[in-house]
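See structure below.
The values are calculated or read from the model by the stated rules, or taken from the named source; none is laboratory data. Computed from a predicted structure; not experimentally measured. As a convention, Cβ positions derive from the backbone with ideal geometry for all residues, glycine included, and neighbour counts pool all protein chains shown.
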Amino acid sequence: MNIGWIGTGVMGQSMAGHLERAGHTLSVHNRTRAKAAPLVERGARWCDSPAAVAAGTDVVFTMVGFPADVEEVYFGPRGLFAHPGALPVLVDMTTTEPSLSRRIAAEAARRGSASLDAPVSGGDVGARSAALAIMAGGDRNAYDTVLPLFGLMGKTVAYLGPAGSGQHTKMCNQILVAGLMTSVCESLLYASRAGLDRQAVIDIVGRGAAGSWTLTNLGPRILRQDYDPGFFVEHFVKDMGIALKEAAAMNLSLPGLALVHQLYLAVQAEGHGRLGTQALMLALERLNGKGE
């Protein structure tokens, strides 16, 4: 297939690369051209705008950072909807606002096309190993068309319902991750203060009821003081903000999520917004006197 890809950052580049290696033809665009260079060097066609990506492609995937970026990529003056011809199937894999996904779906339908909101979970590790969980909402026929492509990027793929359903499901995921990340950091702080071998703690509790992807994959990074991003703190702050906004609209109180959101705002305020989410440990260490 002729596939368009917009957004070649930490995760997007790996995801697009799986499609390219499977033999699909890629047309790519990224706000910073240099980040698309590895794909272009392997044969992808560079496009100067999202609208140019839409020309001659069967499916366009977008994987950008914030709702404002999604808005620009789709509705901006050089965005996908600025393309004058027939539109391909549009698949937004960014974690963004469900209401924005519904707007994209409505405009795509008005133009005779279809769209999916299909955010993912699994971070940089899942993106590189094609082991992502992909949560899709939107047009069911479009989902059936795109499913083989999803299978090249993820191990678990599910259709959740109409437009916005994928984003709502990702909010459920992020609420869970928020609690797990805090628990992992606090557990390792406790282990350290108690004089335990923290890797040994991870190895044993990770095989019991407390086991989780977060503990197994990010715990060892924390021990190595490896705070490189698999998923940026600033993006996680954005996601939790969306979840809290949606919860308020549904008259839901989520005090645990609100607390973790505040902790991550502290991480961001300390200048760590471009580190990985495991950098929560830095703020909790300061809270406990380390680094003062």
**Asked** If you scan segment 108-131, which residues turn out to be part of a helix (DSSP H, G or I) and on the phi > 0 side of the Ramachandran plot?
**Response** Gly123
**Request:** Please name all residue pairs, on different chains or six or more residues apart, with Cβ atoms under 8 Å, provided the first residue is in segment 112-129 and is of a type in the set (Val, Ile, Thr) and the second residue is at pLDDT below 95 and surrounded by fewer than 22 Cβ atoms within 10 Å (Cβ to Cβ).
**Result:** Val125/Asn217; Val125/Gly230
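Within segment 135-157, how many residues turn out to be in contact with a helix residue (DSSP H, G or I) (Cβ under 8 Å, 6 or more places away or on another chain) and farther than 18 Å from Val59 by Cα?
We begin by selecting, within segment 135-157, every residue in contact with a helix residue (DSSP H, G or I) (Cβ under 8 Å, 6 or more places away or on another chain); these are 135-139, 149, 152-154, 157.
Within this subset, residues satisfying the condition of being farther than 18 Å from Val59 by Cα are none.
Residues in segment 135-157 being in contact with a helix residue (DSSP H, G or I) (Cβ under 8 Å, 6 or more places away or on another chain) and farther than 18 Å from Val59 by Cα: 0 in total.
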**Prompt:** Does Ala105 qualify as being in contact with a strand residue (DSSP E or B) (Cβ under 6 Å, 6 or more places away or on another chain) and either in a helix (DSSP H, G or I) or more than 30 Å from Gly256 (Cβ to Cβ) (or both)?
**Reply:** yes
**Prompt:** Here are some conditions: (1) outside any strand (DSSP E or B); (2) at pLDDT 95 or above; (3) surrounded by fewer than 24 Cβ atoms within 10 Å (Cβ to Cβ). Val10 meets all but one. Which one does it not meet?
**Reply:** (2)
**Item:** In segment 63-111, residue nearest to Gly137 (Cα to Cα) [restricted to those that are in contact (Cβ under 8 Å) with a residue 40 or more places away in the chain and touching a Leu at 6+ places or on another chain (Cβ under 6 Å)]
**Value:** Val91
**Item:** Every residue from segment 41-60 that is surrounded by 16 or more Cβ atoms within 10 Å (Cβ to Cβ) and either of a type in the set (Lys, Arg) or part of a helix (DSSP H, G or I) (or both)
**Value:** Arg45, Pro50, Ala51, Ala52, Val53, Ala54
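Just to check your reading of the model, which residue among Arg102, Arg140 is more than 22 Å from Ala16 (Cα to Cα) and in contact with a Gly (Cβ under 6 Å, 6 or more places away or on another chain)?
Details: Arg140 fails: in contact with a Gly (Cβ under 6 Å, 6 or more places away or on another chain).
Arg102 is the lone residue from the list that is more than 22 Å from Ala16 (Cα to Cα) and in contact with a Gly (Cβ under 6 Å, 6 or more places away or on another chain).
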**Count of residues meeting criterion [farther than 21 Å from Thr216 by Cα and β-branched (Val, Ile, Thr)] in segment 260-292** = 1
**Request:** Would you tally the residues in segment 19-32 being farther than 15 Å from Thr62 by Cα and surrounded by fewer than 16 Cβ atoms within 10 Å (Cβ to Cβ)?
**Result:** 3
**Complete:** Residue hits (segment 64-96; surrounded by 22 or more Cβ atoms within 10 Å (Cβ to Cβ) and not aliphatic (A, V, I, L, M)) are Tyr74, Pro88, Asp92, Thr94, Thr95, Thr96
